[in-house]
Amino acid sequence: MTTRRSFIHKSGAIAGAAMVSPFAIHDLNGGVSQNDKITVALIGCKGMGWYNLTDHLKSPDVECAALCDVDESILNEKSAELEKLTGKKPKLYKDYRRVLEDKSIDAVIIGTPDHWHCLMAVHACEAGKDVYVEKPLANSIAECEVMLKAARKHSRIVQVGQQQRSGQHWQDIVGIVQSGKLGTIRKIKTWAYFAYGSAQPKVPDTPVPAGVDYDMWLGPAPKHPFNKNRFHGSWRFYWEQGGGLLTDWGVHLLDVPLWAMGVSVPKSVSSAGGIYAYPNNAIETADTQSVIYDFGNFLLEWDHAGGVSRGQYGRNYGVAFIGNNGTLVVNREGWEIIPELDDKTPRMEVMPLQPADRTDHEKHVRNFLDCVKSRKMPVCDVEFGRNSAVLAHMGNISYRSGNKIWWDDIKKNFGADDKANAFIQPAYRQPWRFPVA
Ligand SMILES: NC(=O)c1ccc[n+]([C@@H]2O[C@H](COP(=O)([O-])OP(=O)(O)OC[C@H]3O[C@@H](n4cnc5c(N)ncnc54)[C@H](O)[C@@H]3O)[C@@H](O)[C@H]2O)c1
């Protein structure tokens, strides 16, 4: 009987996975010595930021010196939780720039909404901090590019929160794809069907809640009256803060084909969709959207439908590599291979569902910490975060401009397409300035 181990071994998958490892591309200077503790600070403490910090604290060589949030109630709640967890009271900040001035801090975790990632990460690199930044790397193409430059210029470790890169089963399937066993791969599907934006009725603007520095929450984004729909968690349905399902889940799932196929820039991108299911809800991003990325010798498709959960291959989200010999389907739960049949004879071995070990995130955090010490490239280096975030943004730019778009990777624009080019870089609200690196 074929087991996961024998299948991977026979397909040469282990060698394939090693081939794409970003480790030892080059070493980065500075950092914490092997025996020292790594002192971290968390900026943006509510949802994923807190989850990231708790996984950091599972390592005995980590301590958290400071928490930073613009919402005093979150700050106080998380401070109390942290004290309970570690027995130590962290320093508390509302302005991340004060965190960056603190010389005792080696690394920052950025768990804010997407529109803040760029400024905070670039400033952290300038201050000599290593960075664990949540995905998508940033909320625009130009921000992603400047973050990559800043990380390189200041020789900083920047790990992006695309934890699949650390997962064993994802590494296994990348090896299988690269082994050629699936035959010619001409199409890759990625999809997400979630209850997303379906429970977001319009509500009136209200005064800013007590203890919230809303101007600092908005930061470089345009000013709006306070509305709870644009605030904690649900900012992701608004273009100025996020990009809907495509930049939220898309960066995770689109990253896998980029990794497995060893590509980054598509030849063309075209997208269609709209707010078809929930036109009366408080959302700006599409609840229904498809994107086709043409890489010249294969198509990569993105497909989402907010509010329903019957996705492809019986999964509400995932990636399917469609080869001449069979289709490999994978998501966080595991992977399987559905072979093509000639009459009743399969063109390759059947692999029933191989469950995942669900330790991706913990390993991803540990990889970051190891790299802070070793100064090796982390497994989801800023460049990989840049590539998948840019791909997701391209899908949204095609959707918003209504155009099929072609990226010029030398000029870093869409050629003469002024409508698409207008989305590459956001206008920052004063006094915030678009960073230079
Ligand atoms: N890797 C994953 O699987 C995963 C999962 C969920 C979310 N995320 C990412 O994590 C990030 C946070 O998402 P979330 O759902 O936790 O958002 P959230 O709105 O629940 O939390 C964001 C926190 O950041 C704080 N904040 C905002 N501006 C700030 C500023 N200027 N300074 C300090 N704090 C500030 C907010 O007050 C809030 O506490 C997003 O980029 C999201 O895409 C990643």
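A few points about this structure:
- Residue list for region 49-73, restricted to those being within 11 Å of the ligand (Cβ to nearest atom) and free of Cβ contacts under 8 Å to residues at least 40 places away in the same chain: Leu67, Cys68, Asp69
- Filter result for Ala195 (open to solvent by 10 Å² or more (accessible area, probe 1.4 Å) and modelled with pLDDT under 95): yes
- Count - residues of region 334-356 that are over 22 Å from Gly183 (Cβ atoms) and open to solvent by 80 Å² or more (accessible area, probe 1.4 Å): 1
- Candidate set: region 67-121, residues that are over 21 Å from the mean Cα position of the chain (by Cα), under 21 Å from His232 (Cα atoms) and among the small types (Gly, Ala, Ser); chosen: the one least open to solvent (accessible area, probe 1.4 Å): Ser79
- Taking the numbered list (1) open to solvent by less than 80 Å² (accessible area, probe 1.4 Å); (2) within 15 Å of the ligand (Cβ to nearest atom) in turn, Lys46 passes all entries but (1).
- Residues satisfying the stated conditions in region 145-156, i.e. closer than 23 Å to Leu391 by Cβ and crowded, with 24+ Cβ neighbours inside 10 Å: Met147, Ala151
- Filter pass, Tyr317 being under 24 Å from Leu245 (Cβ atoms), of a type outside the set (D, E, K, R), away from the ligand (no atom under 16 Å from the Cβ) and open to solvent by 10 Å² or more (accessible area, probe 1.4 Å): no
- Residue in region 182-191 that is surrounded by 14 or more Cβ atoms within 10 Å (Cβ to Cβ), modelled with pLDDT of 95 or more and more than 17 Å from Gly318 (Cα to Cα) present: yes
- The residue of region 205-241 that is farthest from the ligand (Cβ to nearest atom), among those that are within 30 Å of Gly167 (Cα to Cα) and either crowded, with 22+ Cβ neighbours inside 10 Å or of a type in the set (D, E, K, R) (or both), is Phe237.
- The strands (runs of 3 or more DSSP E) found wholly in region 319-411 and carrying at least 1 residues that are of a type in the set (D, E, K, R) occupy 334-339.
The values are calculated or read from the model by the stated rules, or taken from the named source; none is laboratory data. Being a predicted model, the structure only gives us computed values, none of them experimental. Reconstructed Cβ throughout: ideal geometry from the backbone, glycine too, with neighbour counts over all protein chains shown. Accessible surface areas use protein heavy atoms only, side chains included; no ligands, DNA or RNA. Shrake-Rupley method; radii C 1.70, N 1.55, O 1.52, S 1.80 Å.
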